[in-house]
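As structure tokens, the structure follows; a few thoughts come after it.
The values are calculated or read from the model by the stated rules, or taken from the named source; none is laboratory data. These numbers come from a predicted model, not from an experiment. Ideal geometry is used to build each Cβ from the backbone, glycine not excepted, and the neighbour counts take in all protein chains shown.
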């Protein structure tokens, strides 16, 4: 009998563990995780008791010591998951790596250099592509390539992979095994008003939950409605009770605002007497590159009434304040937000309400992480030529018909990456 060895992973900037959960569901062993957020680490430890998890600033981590503690050598880890938040600073040119505000990326590169994982998967907000006029993603990509990784940079639309949420994120995936890999093919193509009357909707994600309460400490009975399909069963998990399924009592002008909103409407659709007094000021602001917000998806919307038969808007740390239930006059609950992010009901969150929803909003949807984990494991694997020189395999910055001036700048930088590396300009620090 052959002993099946699970692929080994390390998670940095692990948060609550959305990415870790997806990889665990795909059969990976998460040996070590780290995050500087104490509440997120408490959540992680509760849900991944088998993983060594530390609550430290990544700048203080000794990765040689980490490898020794988990009993592996450099090059033996199959994948490093998680990525540093993009800081969005404006320092450019040769000073990029000297700027202390870029310390998270610098420490991430240091981790890759020491741990030498066969693969890495780095997730970030789409602002990564235009941060620092494209210099952030350019310098990051160049550093990955100089460490010997074949990389691909793409904007991913989560709803294309079955996540019931319109969530755009940037993924940088790399391997040092010489695999000319591609991202997994989406199961559903994004175009216009998609998914109407399909299973990738808010309704499909949350409708089987029991009615929420106004008591934050309530423990509701497990759901008793029939399981509809594998997705519904995944979200239910094996919870003995339903937690975090409550909303605060709403009254006064806030209740009037919520009651007046129809599906798909936002604050700008309300009568002026119901709009928040700061709304007009916010509505006239302009984005950093000077383009009016009305040409970048509209003015700040504040409250938003969701549409039951469409994917949810992006779950963020403000979801339980701003995202209004499609049919009921209340915001989403923490548990509903977790389901929309594809966390199962038996996944427990620690901290106060604000910390919990922030952990959920920051997470990589476990379903999306699992798809990438299985794609890497099954279609490419963990064997190959580790002496290959790194290269940029390709990039996808948007699926929109037009590209903003900021993205065009990034496109030019990435296209120039190969020639920059050949001329040996901007040698990687350290």
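Only one of 62, 55 is surrounded by 13 or more Cβ atoms within 10 Å (Cβ to Cβ) and at pLDDT 95 or above. Can you tell me which?
Working: 62 fails: surrounded by 13 or more Cβ atoms within 10 Å (Cβ to Cβ).
Answer to the check: 55.
So, in the range 133-171, of the ones that are assigned to a strand (DSSP E or B) and in contact with a helix residue (DSSP H, G or I) (Cβ under 7 Å, 6 or more places away or on another chain), which residue ends up nearest to residue 307 (Cα to Cα)? So that I can check it myself, show each step before the final result.
From the range 133-171, those assigned to a strand (DSSP E or B) are 150-157, 165, 168-171; that's our starting set.
Those left that are additionally in contact with a helix residue (DSSP H, G or I) (Cβ under 7 Å, 6 or more places away or on another chain): 151, 153, 155, 165, 168-170.
Numbers: 151: 37, 153: 31, 155: 24, 165: 11, 168: 18, 169: 22, 170: 25 Å.
Among those that are assigned to a strand (DSSP E or B) and in contact with a helix residue (DSSP H, G or I) (Cβ under 7 Å, 6 or more places away or on another chain), it is 165.
Please tell me if residue 102 is assigned by TED's automatic domain parsing to the domain that holds residue 126, out of contact with any strand residue (DSSP E or B) (no Cβ under 8 Å at 6 or more places or on another chain), closer than 30 Å to residue 163 by Cβ and surrounded by 15 or more Cβ atoms within 10 Å (Cβ to Cβ). Talk me through it step by step, then tell me what you get.
Working: assigned by TED's automatic domain parsing to the domain that holds residue 126: yes; out of contact with any strand residue (DSSP E or B) (no Cβ under 8 Å at 6 or more places or on another chain): yes; closer than 30 Å to residue 163 by Cβ: no; surrounded by 15 or more Cβ atoms within 10 Å (Cβ to Cβ): yes.
For residue 102, the condition - assigned by TED's automatic domain parsing to the domain that holds residue 126, out of contact with any strand residue (DSSP E or B) (no Cβ under 8 Å at 6 or more places or on another chain), closer than 30 Å to residue 163 by Cβ and surrounded by 15 or more Cβ atoms within 10 Å (Cβ to Cβ) - is not met.
Please verify whether the range 326-334 includes one or more residues that are closer than 24 Å to residue 233 by Cα, modelled with pLDDT of 85 or more and assigned to a helix (DSSP H, G or I).
Looking through the range 326-334, at least one residue is closer than 24 Å to residue 233 by Cα, modelled with pLDDT of 85 or more and assigned to a helix (DSSP H, G or I).
Going by the conditions given, is residue 81 at pLDDT 95 or above, assigned by TED's automatic domain parsing to the domain that holds residue 379, touching a strand residue (DSSP E or B) at 6+ places or on another chain (Cβ under 8 Å) and surrounded by 23 or more Cβ atoms within 10 Å (Cβ to Cβ)?
Details: at pLDDT 95 or above: yes; assigned by TED's automatic domain parsing to the domain that holds residue 379: yes; touching a strand residue (DSSP E or B) at 6+ places or on another chain (Cβ under 8 Å): yes; surrounded by 23 or more Cβ atoms within 10 Å (Cβ to Cβ): yes.
Yes.
Looking at the structure I just gave you, is residue 29 surrounded by fewer than 22 Cβ atoms within 10 Å (Cβ to Cβ), in contact with a strand residue (DSSP E or B) (Cβ under 7 Å, 6 or more places away or on another chain) and farther than 16 Å from residue 366 by Cα?
no
Of the residues 126, 160, 139, which single one is under 22 Å from the mean Cα position of the chain (by Cα) and closer than 21 Å to residue 391 by Cβ?
Working: 126 fails: closer than 21 Å to residue 391 by Cβ; 160 fails: closer than 21 Å to residue 391 by Cβ.
Selected residue: 139, the only one of 126, 160, 139 that is under 22 Å from the mean Cα position of the chain (by Cα) and closer than 21 Å to residue 391 by Cβ.
Does any residue in the range 260-281 that is closer than 23 Å to residue 312 by Cα and assigned by TED's automatic domain parsing to the domain that holds residue 322 come within less than 7 Å, Cβ to Cβ, of a residue that is modelled with pLDDT of 90 or more and in a strand (DSSP E or B) six or more places away or on a different chain, and which pairs are these?
If the second residue must be modelled with pLDDT of 90 or more and in a strand (DSSP E or B), the pairs left are 261/305; 261/324; 262/305; 263/305; 264/305; 265/305; 266/304.
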